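Where a number appears in this text, it was derived from the coordinates with a stated rule and is not lab data. Source: prediction; values computed, not measured. Every residue, glycine as well, gets a Cβ built from its backbone with ideal geometry; the counts of neighbours run over all protein chains shown.
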C-alpha cells in the first residue's frame, strides 16, 4: 500500500465520520419533534456504509487478493423501531386516547454514538497525520 492510498483511505473515513456526526446532531435536535412533514413523529436516522474493496493480482505470485480502499456511504436510513408513547392528553398531537407518539431517539444511545464517532474521527486524523509525516520524512531522505 502506498502512502497516498493510506491517505485516501483515511480521507474516506473522515468523510464518513463527519456525516455520522451530522446525522447524530440531527437526531439530537429532533428528539422531541412529534410531527414532521409526513405527519408522524421524527424517525431516528442512521448512516449506512460499506467497505470499498478492490480485487488485485500479485505480479510476482499471480495470486488474487482483495484490498480495502476505504469506505463508501450507501445512504441515510430511518430507524424503523417503534415510537415512544407518552400519555399527554393536552398535547396538540395526542391521539383520541391522549397518547403522543414521540421520536424513537434515545439520548443515551445518541451520546454514546457521538463519543464513539468523535474518537473514530480522531483516530483517522492521527493516522492521516502519521502518513503525512512518513511522506515528509521520505522527501527529506530523498533530498540528501
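For region 22-67, the set of residues classified as over 27 Å from residue 10 (Cβ atoms) and surrounded by 12 or more Cβ atoms within 10 Å (Cβ to Cβ) consists of 30, 31, 33, 34, 35, 36, 40, 41, 42, 43, 44, listed by residue number.
If residue 114 satisfies every condition in (1) surrounded by fewer than 16 Cβ atoms within 10 Å (Cβ to Cβ); (2) within 30 Å of residue 9 (Cα to Cα) but one, which is the exception? Result: residue 114 passes all but (1).
Among the listed residues 72, 124, which satisfies the condition of being in contact with a helix residue (DSSP H, G or I) (Cβ under 7 Å, 6 or more places away or on another chain), over 26 Å from residue 33 (Cα atoms) and surrounded by 12 or more Cβ atoms within 10 Å (Cβ to Cβ)?
Values: 72 fails: in contact with a helix residue (DSSP H, G or I) (Cβ under 7 Å, 6 or more places away or on another chain).
Matching residue, one of 72, 124: 124.
Restricting region 9-21 to residues that are in contact with a strand residue (DSSP E or B) (Cβ under 8 Å, 6 or more places away or on another chain) and surrounded by fewer than 17 Cβ atoms within 10 Å (Cβ to Cβ) leaves a set whose member that is farthest from residue 129 (Cα to Cα) is 19. Take the conditions (1) under 19 Å from residue 83 (Cβ atoms); (2) touching a residue at least 12 places away in the same chain (Cβ under 8 Å); residue 37 misses just one of them, which is (2). Pairs are defined by a Cβ separation below 6 Å, a sequence spacing of at least 6 or placement on different chains, a first member in region 86-115 that is touching a residue at least 60 places away in the same chain (Cβ under 8 Å), and a second member that is exposed (fewer than 12 other Cβ atoms within 10 Å of the Cβ); the pairs so defined are 104/81.
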